[in-house]
Structures are given as structure tokens and as C-alpha cells.
1. Given a 10 angstrom Cα cut-off, can you work out which residue in LYS18, LYS131, LYS65 is the most mobile in a GNM of the chain?
2. For the chain, what is the number of Lys pairs with C-alpha distance below 25 angstrom, counting only pairs 8 or more positions apart or on separate chains?
3. Report the extension gain between ILE37 and ASN137 in nm, rounded to one decimal, defined as 0.36 nm multiplied by the number of residues separating them, less their alpha carbon distance.
4. So what are the three principal axis dimensions of the chain from its Cα atoms, in whole Å, longest to shortest?
5. For region 75-129, state which chymotrypsin sites (Phe, Trp or Tyr not before Pro) are in a DSSP loop and have at most 16 other beta carbons lying within 10 Å of their beta carbon.
6. What is the dipole size for region 3-126, taken about its Cα centre, with +1 at each Lys and Arg Cβ and -1 at each Asp and Glu Cβ, in debye to the nearest 20?
7. So what are the ³J(HN,Hα) numbers for region 46-54, from phi and the Karplus equation (6.51, -1.76, 1.60; θ = phi - 60°), rounded to whole Hz, Gly and Pro as x?
8. Using θ = phi - 60° and the Karplus curve 6.51 cos²θ - 1.76 cosθ + 1.60, what whole-Hz ³J(HN,Hα) does each residue of region 129-143 get, with Gly and Pro shown as x?
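Please treat every number below as a calculation from the coordinates, not as lab data. Keep in mind that this is a model prediction, so the values were computed, not measured. Here the Cβ is made from the backbone with ideal geometry for all residues, glycine too, and neighbour counts use every protein chain on show.
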Amino acid sequence: MSLFSVFNMSDRFAEVIKRFPVVMIFAFLTTISLLFIDTYEDNFLRWSLIGYIGFLVMLDWAIFKEAYQLSSHKYWVGVGILSILLFVYYYFIPASFQEEISCFWYFTIGLNVVLHFMCAVIPFFKNYTQKAFVNYNIQVFLSWIKSAFYALVTY
């Protein structure tokens with residue numbers, strides 16, 4: 001019995017890919033760009049940052065799709081619009097950290113905080129109950145802990 005079969009990791013990974021395909025593309029993009037950032041510094045800072053922001057945006061959009069049962073057409077139109085916005089945002093990213101500190105970095109930190117916060121509250125825009133909200137966020141936290149554990153074991 002292998003470690004992967006004990007944790008049923010292959011089935012869980014397949015389920016994640018089916019539920020969040022665009023999110024996984026952005027995660028892959030970010031991972032690859034971070035692997036190459038030491039060798040090719042120029043654009044890989046920008047790619048890794050846009051991959052990270054794109055990961056959060058698409059995760060929020062996927063959660064919104066599941067919470068409000070959007071049609072497949074509306075979901076993919078939203079993915080297209082969000083991808084265009086990310087493409088525009090890409091050109092505002094400074095080429096390196098060597099430049100002066102600008103308000104862009106503060107905006108990016110704020111955007112990061114807001115996108116993380118949105119993961120916790122998106123399912124409760126229309127109907128909020130405290131018990132469901134607390135249970136959902138506890139489940140998200142426990143899932144995050146499990147995934148960190150799986151990543152550590154796999155590493």
C-alpha cells in the first residue's frame with residue numbers, strides 16, 4: 001500500500017482539476033514562473049505575480065459559480081472577461097523590484113487581502129446564516145491544513 005493510495009490523493013487531485021480547471025492553470029503558470037525566476041529575472045516576476053492574482057481571482061469566480069449555480073456559458077464569459085482584466089493588470093506591474101516604491105505595490109497588497117477575504121464571504125452574499133458561515137470557513141481552514149500536510153508529505 002503506497003502513501004498516495006492511503007490518502008487517496010490521485011482521486012482528490014482529479015476532483016480538484018474537474019472543479020477548478022482554470023484555477024489549476026494559473027497555479028501551474030505561477031509554479032513554473034517561480035521555478036525560472038532565478039535564471040530569467042525580467043518577466044518572471046510579472047508572470048508569477050499575475051499568476052498569483054489570477055489564481056485568486058479564478059478561485060473566487062469558481063466559488064461564485066458553485067454558490068450561485070451559474071450556467072457554463074456565463075462562467076466561461078466571466079473567465080474571459082477576468083482574463084482580459086488580468087492581461088491589462090499585467091502591463092501595470094513594474095519590471096523589477098529595483099524601481100522606486102509606488103502605490104502599485106500597496107494596491108496589489110490590498111487586492112490580495114480583498115481576494116482572500118472574498119473566498120470566505122462569496123457564498124453568503126444572498127443568504128447569510130451565522131452557523132453556515134462559521135462551518136464553511138472552518139471547513140476551508142481544515143481543507144487548507146490538509147492540503148499543506150499533503151504537500152509536506154509529498155515533498
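1. LYS131
2. 9
3. 32.6 nm
4. 45, 45, 30
5. TYR91, PHE92, PHE97, PHE125, TYR128
6. In debye, rounded to 20, region 3-126 gives about 640.
7. The phi angles translate into 5, 5, 5, 5, 5, x, 5, 5, x Hz.
8. Listing the rounded values in order: 10, 4, 5, 5, 4, 5, 4, 4, 6, 5, 5, 4, 4, 5, 5 Hz.
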